[in-house]
Amino acid sequence: MYVAVKGGERAIDNAHDWLAEERRGPTDVPELSVDQIKSQMTLAVNRVMAEGSLYDPDLAALAIKQARGDLIEAIFLIRAYRTTLPRLGHSRPVETDKMACDRRISATFKDAPGGQVLGPTFDYTHRLLDFKLAADGETPEAATADPLQGDMPRITEFLNRDGLIQTEEPSDETPRDMTREPMEYPAGRPLRLQALTRGDEGFVLGMAYSTQRGYGRNHPFVGELRIGKVAVEMDIPELGFAVDIGEITVTECETVNQFHGSKTEPPQFTRGYGLVFGQTERKAISMALVDRALRWEELGEDNLGAPAQDEEFVLSHADNIQATGFLEHIKLPHYVDFQSELELVRKIRSEAQASTLKEAAE
Amino acid sequence: MSNLDPAQAARQSRMSLLAKSEPSRLAALFPALADVPAHTWLRTPEVGAVMVRGRMGGTGAPFNLGEMSVTRCALTLPTGEVGHAYVQGRDKDHATRAALVDALMQTARADEVQATVLAPLTAEATTANSARAAKAAATKVEFFTMVRGED
C-alpha cells in the first residue's frame, strides 16, 4: 500500500532560515561581498565557471557566496541558472595563438621562441603558510618590464613543421553539443573535449594520474601551457560580419606524447589537448592527458583495459552535478522503499526460523 | 566576411570595444554626451548565452568549450540610424548604452562620441592590457649557463 504523507514544511522553512544565518556567520565579522569573492577568490570563481560551463565571474562569485564556499553546490547553482538563458548563438573558435598571455611555459624546449613566461604562479613557492596574510600584511607590487611584442608562437607548430608530430586537421564541422542532445557512444573527440572541460577537476585529475601511474600510460610532456585572455568573436547575422562579443581568460595545455607508430602512421609524437575557462592549469593538464588516453583507437594503439581509455566510463562519470545528484538523492526520504525491504527481510527471517524449528522438532 | 568596407570595419572595432568594456566605465563616460535622442526598440535588451567554441589542438576541428553570458539589443534613433549591441555579461543598461553609441556614431555627432566615449575606453583598454603584459614580461626567465669545470 502506498501512503502519501505531507508535513515537514515548517521544519524545512526553519532549516533554510538557519542555513541563511549560518551562511552569514557571526555578525561582528564583516560580511563578504560578491566583488571580494570575484577579485580575491579568483581561482574558486574560475573553477565554478569551468565546471558550471558558463563564463560569468559575477554569477560564479554569487554562487560561491550562496553555497557557503561549497564549490560543487555553487556549480550546481550555475548549471541550473544557465538552463534559463536562451542560446543566442555560438562563437567562432577562439584563437589561442592570439592570446594575451599572462603565463606561457614549455617543458620541452628551454629556449622556446617567446620564452618561458612564468606569470602569477604557485610554482616555486615553498608551500609554507604565510602568516603575514593573516596579519593584514602589505602586498609587494608586481615588477614590470617592457611588454613582449607579437603573438606567442605555438610550440607544437615547430614540431609540426618537421612532421615530427601528428597534424591537427583543421575543419569547420559543427561539433556535437552535449547540452543539446543526449550523449551517445562512441562520442568522438569534440564531445569528449566538451565533457572533459566541464568535468569535475578531481575526477579528471584522478583519471590523468592513473595514466601516469601505468593504467594506459602515454608518456606526456607539457609541450606548452598558456594562460591569458582571448577575444570571443561571433558572426552577427543582422550586420553581416563578426564582432568581438567579449573576452575570456582560458588555460590551454598541449601535451606532446610518445608514439611508436602503427600500421598506418609513421613514428611521431602525438597530442593531447586541454582548454578550460579561467586560470585552471591543473585541470587543463589533466584534460590533455585524459584526451590523449582516450585517443587510443584512432591512433591504432592497444586497448589495455585501462579506465582512462574507456570513453563511456570517463564521460559518464566526469560530471560532478550528475554524480552528486544521484549520490545525494539517497539521503532523501525512501521510507516506502525501505519499508518493503524491511518487510521482505522479516518474512525471510521468519520463514528461515520456522524451518529451523521444524528441523529441530523432527 | 574579411573584406569589410571602412564603415563596417570601424563599426566592428567599436562594437568589439564596447562589448569588452567595463559596464561601470561606459556608464561613467556616457552622461557626458548631451541630449541623447530618445530611441525606439527594434529588440529590447535580452540576456542570453553564447556557446564558445575552441579548436582541438588549438588549430584543428571545433568543439564546444562552454557558454558565456551576453546581452544584446537593437534600437533606432528618430533620424533612422540603427544601433546594435552584443556585450559580455548581463547588464541591460550597458547594452543599451552600447547600442546608443553605435547609433550615434552613424550621425553627425560621430566625432563627439568618438572623443567623449570611445577614445577614453580605447585608451583605458590599452593601458590595462599593457600593464598586464608588462607584469608578464617581468616574469620571463633569463637562462644563463654556469661555467663547467671540465676545461
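The values are calculated or read from the model by the stated rules, or taken from the named source; none is laboratory data. None of these values were measured; they are calculated from a predicted model. Cβ placement follows ideal geometry from the backbone for every residue including glycine, while neighbour counts extend to all protein chains displayed. Calculation scope for accessible area: heavy atoms of the full protein, side chains included, ligands and nucleic acids excluded. Shrake-Rupley method; radii C 1.70, N 1.55, O 1.52, S 1.80 Å.
So, A:VAL232, is that one open to solvent by less than 30 Å² (accessible area, probe 1.4 Å) and either modelled with pLDDT of 95 or more or within 28 Å of A:ARG47 (Cβ to Cβ) (or both) or not?
Judged against the criteria, A:VAL232 is a match.
Taking only the range A:193-216 into account, find how many residues are without any contact (Cβ under 8 Å) to a residue 24 or more places away in the chain and outside any helix (DSSP H, G or I).
The number of residues fulfilling the criteria is 2.
Any residue in the range A:147-159 that is more than 11 Å from every other protein chain (Cβ to nearest Cβ) sitting within a Cβ distance under 7 Å of a residue that is open to solvent by less than 40 Å² (accessible area, probe 1.4 Å) and part of a loop (DSSP other than H, G, I, E, B)? List the pairs, counting only those 6 or more apart or interchain.
Partner pairs satisfying both residue conditions: A:PRO153/A:GLY114.
For the range A:107-124, state whether one or more residues are at pLDDT below 90 and loosely packed, with under 10 Cβ neighbours inside 10 Å.
Yes: the range A:107-124 contains one or more residues that are at pLDDT below 90 and loosely packed, with under 10 Cβ neighbours inside 10 Å.
All but one of (1) more than 19 Å from the chain's Cα centre (by Cα); (2) within 30 Å of A:GLU141 (Cβ to Cβ) hold for B:THR126; which doesn't?
With respect to (1) more than 19 Å from the chain's Cα centre (by Cα); (2) within 30 Å of A:GLU141 (Cβ to Cβ), B:THR126 is out only on (1).
With the range B:49-151 as the region, which helices (runs of 4 or more DSSP H) entirely inside it contain at least 3 residues that are open to solvent by less than 20 Å² (accessible area, probe 1.4 Å) and either closer than 29 Å to A:ALA60 by Cβ or touching a His at 6+ places or on another chain (Cβ under 7 Å) (or both)? Steps first, please.
Numbers: elements: B:92-104, B:110-113, B:119-138.
Filter on the range B:49-151 gives B:92-104, B:119-138.
Can you tell me which residue within the range A:24-53, out of those that are open to solvent by 90 Å² or more (accessible area, probe 1.4 Å) and over 30 Å from A:LEU193 (Cβ atoms), is nearest to the other protein chains (Cβ to nearest Cβ)?
From the range A:24-53, those open to solvent by 90 Å² or more (accessible area, probe 1.4 Å) are A:27-28, A:30-32, A:35, A:40-41; that's our starting set.
Checking which are over 30 Å from A:LEU193 (Cβ atoms) leaves us with A:27-28, A:30-32, A:35, A:40.
On the way: A:THR27: 29, A:ASP28: 31, A:PRO30: 23, A:GLU31: 21, A:LEU32: 20, A:ASP35: 11, A:GLN40: 18 Å.
Of everything passing the filter in the range A:24-53, A:ASP35 is nearest to the other protein chains (Cβ to nearest Cβ).
Residue-by-condition table, conditions (1) at the interface with chain A (Cβ under 7 Å from one of its Cβ atoms); (2) of a type outside the set (A, V, I, L, M); (3) free of Cβ contacts under 8 Å to residues at least 40 places away in the same chain:
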| position | (1), (2), (3) |
| --- | --- |
| B:GLU22 | no, yes, yes |
| B:ALA28 | no, no, yes |
| B:ASP35 | no, yes, yes |
| B:HIS39 | no, yes, no |
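Could you please tell me which pairs satisfy a Cβ distance under 6 Å, a separation of 6+ or placement on different chains, a first residue in the range B:60-80 that is aliphatic (A, V, I, L, M), and a second residue that is in a loop (DSSP other than H, G, I, E, B)?
Going by the 6 Å Cβ cut-off, the qualifying pairs are B:ALA61/A:SER171; B:ALA61/A:GLU173; B:LEU75/B:HIS39; B:LEU77/B:PRO37; B:LEU77/B:HIS39.
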